[in-house]
Amino acid sequence: MPFRTDVAPDSYLAILHDRNILREFIPAPTNTIMIDNLDRKMVGIKAEFSFDGKPETQFTKGVEGKSQVQVEGKGDVVDLTIAYADGHTVGPVRHEFKTGGAWAYKIAKYTPDELPKMIHLAVQSTSPEEVLLNIVVTTNDNKQLRPPTMLIEPNQTIDIGEWEATQIQTSVVYRSKKPGPTGNYLPSETKQTLTIPPEPDEVVIDTTRPPPQDPPADDQYTVAGLWTYRDVQEMIVTGGTGRKVITLHDEGAVDGGNLLAVHPLGGVVYMPATGNYYIYPLGKSFGKRKLLSARTEDELADAIDDWSRTKPVASAQ
C-alpha cells in the first residue's frame, strides 16, 4: 500500500474551524463614521472595527471641541469608546453597518460651560444734554480701577470698553449736577448697555394752595346717646331741629365726616378730606370733639386710650 508524504499539517487544516473554504472569499468592507463633538473640549475616540467576528482595524484619535471629523475602517461592526477631557468615558457603543452608508454619531455635551470672564459695556444716551459718566472696575484680584470721567454727548450710543473683571459699577451726573441712573454689571457673553434717559423734570409744589382743613364743628349738636346692637352702631344727637340718629358710615353726617365706630366714651369719626380721626365725647357738644393721634384705623384703640388718660375728670358734686 503506497504511503503519501504530501498531506497538509494539522496547523494548516485548523483554518477549517474558522472559515468555509468552499465559500467565496469576501474582503472586509470599508465603512465610515461621521463624528460630531458637541462638547467644548477635545475628546479622545477609540474605534475597533471587526469583520466576521475578527478584529480588522483599530485606532485612536483626538477630536477638537465643537468640531466634526470623518473616520474610516475595515469591518462591518464597530465598537466606539469616548474619553472626555476629565477622564470620564462612554462606551463602547456598538454599531453594525447592515444597510451601508456612514454612521453619524454625536458626542454629547459633558463639560460644563466656562463662566464668562469679560464685561463689554456700551452707553446709550437719550438725553438732549451732555452727561458725565463715572465707572468703577473691580478686577479679578479685587482691586478697583477708576478710569477718568467720561463726557457722553447728547443722544449718543458708544462702546466704552471691555474689561476682564468681576463687576463694573456706573453712575451718571446730569448737567444740573443731579445724579442720574446707576448700574451694576457682571461678566457676560454679550454686550451690556447702560441706558441714560433725559433728566426728569423738576416737580414744582404749588405752595399757594392751603392744605385741606377739617370742617368746623357744628356746636348746636350734642352727643346724647350711643347705641350698639347686633351689627348696628348708632350715635344719637340732639339740638338744632331736634333728635337725630346717625348710623355707621353715614356719609358726611358728623361735621362732614363719617361715623366709623361707637366707643363707650363717644363716637369715632373719620374726616376723608384730611385723614384725621376725632372722638365726639358722650354728653358733650360737637364743639368739644377731640383730635386723636391715630393715622390709621389700627392705631385708633391706642389713640383713644391716650386721650382717655389725659381728658379732665369731672368734679364731684
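The values are calculated or read from the model by the stated rules, or taken from the named source; none is laboratory data. All figures in this text were calculated on a predicted structure; none of them were measured in a lab. Ideal geometry is used to build each Cβ from the backbone, glycine not excepted, and the neighbour counts take in all protein chains shown.
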Pick from the stretch 194-206 the residues that are in contact (Cβ under 8 Å) with a residue 60 or more places away in the chain and surrounded by fewer than 16 Cβ atoms within 10 Å (Cβ to Cβ): which of them is farthest from GLY161 (Cα to Cα)?
-> PRO198
Mind checking which strands (runs of 3 or more DSSP E) fall wholly inside the stretch 220-317 and carry at least 1 residues that are surrounded by 18 or more Cβ atoms within 10 Å (Cβ to Cβ) and of a type outside the set (A, V, I, L, M)?
-> 222-229, 232-238, 258-263, 266-271, 276-281
One residue from PRO2, PRO27 being modelled with pLDDT of 65 or more, over 19 Å from TYR110 (Cβ atoms) and either under 41 Å from the mean Cα position of the chain (by Cα) or part of a loop (DSSP other than H, G, I, E, B) (or both) | PRO27
Of the criteria (1) loosely packed, with under 13 Cβ neighbours inside 10 Å; (2) of a type in the set (Ser, Thr, Tyr); (3) more than 34 Å from the chain's Cα centre (by Cα); (4) modelled with pLDDT of 90 or more, which one THR190 fails | (3)
Note on the stretch 89-100: residues surrounded by 10 or more Cβ atoms within 10 Å (Cβ to Cβ) and either over 44 Å from the mean Cα position of the chain (by Cα) or more than 12 Å from ILE45 (Cα to Cα) (or both) are ARG94, HIS95, GLU96, PHE97
Enumerate the pairs (first residue in the stretch 214-242 and closer than 17 Å to GLY252 by Cα and modelled with pLDDT of 90 or more; second residue anywhere and surrounded by fewer than 16 Cβ atoms within 10 Å (Cβ to Cβ) and hydroxyl-bearing (Ser, Thr, Tyr)) with beta-carbon separation below 9 Å, excluding pairs fewer than 6 apart on the same chain, so at least 6 apart or on different chains.
-> ASP214/THR274; TYR221/THR238; THR222/THR238; VAL223/THR238; GLN233/THR247; GLU234/THR228; GLU234/THR247; MET235/THR247
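Table: residues versus (1) within 27 Å of the chain's Cα centre (by Cα); (2) within 24 Å of PRO198 (Cα to Cα); (3) loosely packed, with under 14 Cβ neighbours inside 10 Å.
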{"residue": "PRO128", "(1), (2), (3)": "no, yes, yes"}
{"residue": "THR138", "(1), (2), (3)": "yes, no, no"}
{"residue": "ASP141", "(1), (2), (3)": "no, no, yes"}
{"residue": "GLN156", "(1), (2), (3)": "no, yes, no"}
Could you pull out the residue among THR166, THR182, THR170 that is free of Cβ contacts under 8 Å to residues at least 24 places away in the same chain, outside any loop (DSSP other than H, G, I, E, B) and under 26 Å from the mean Cα position of the chain (by Cα)?
-> THR182
Look at SER176 and say whether it is of a type in the set (Gly, Ala, Ser), surrounded by 12 or more Cβ atoms within 10 Å (Cβ to Cβ), over 21 Å from the mean Cα position of the chain (by Cα) and more than 30 Å from LYS41 (Cα to Cα).
-> no
Filter the stretch 175-203 down to residues that are of a type outside the set (Gly, Ala, Ser) and more than 14 Å from VAL123 (Cβ to Cβ), then give me how many there are.
-> 15
Checked the stretch 48-70 for anything closer than 27 Å to PRO112 by Cβ and in a strand (DSSP E or B); matches are THR60, LYS61, GLY62, VAL63, SER67, GLN68, VAL69
Among the residues of the stretch 79-94, is there at least one that is in a loop (DSSP other than H, G, I, E, B) and modelled with pLDDT under 90?
-> no
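Residues checked against (1) touching a strand residue (DSSP E or B) at 6+ places or on another chain (Cβ under 6 Å); (2) surrounded by 15 or more Cβ atoms within 10 Å (Cβ to Cβ):
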{"position": "GLY62", "(1), (2)": "yes, no"}
{"position": "LYS66", "(1), (2)": "no, no"}
{"position": "VAL77", "(1), (2)": "yes, yes"}
{"position": "TYR84", "(1), (2)": "yes, yes"}
{"position": "GLY87", "(1), (2)": "no, no"}
{"position": "LYS106", "(1), (2)": "yes, no"}
{"position": "TYR110", "(1), (2)": "no, yes"}
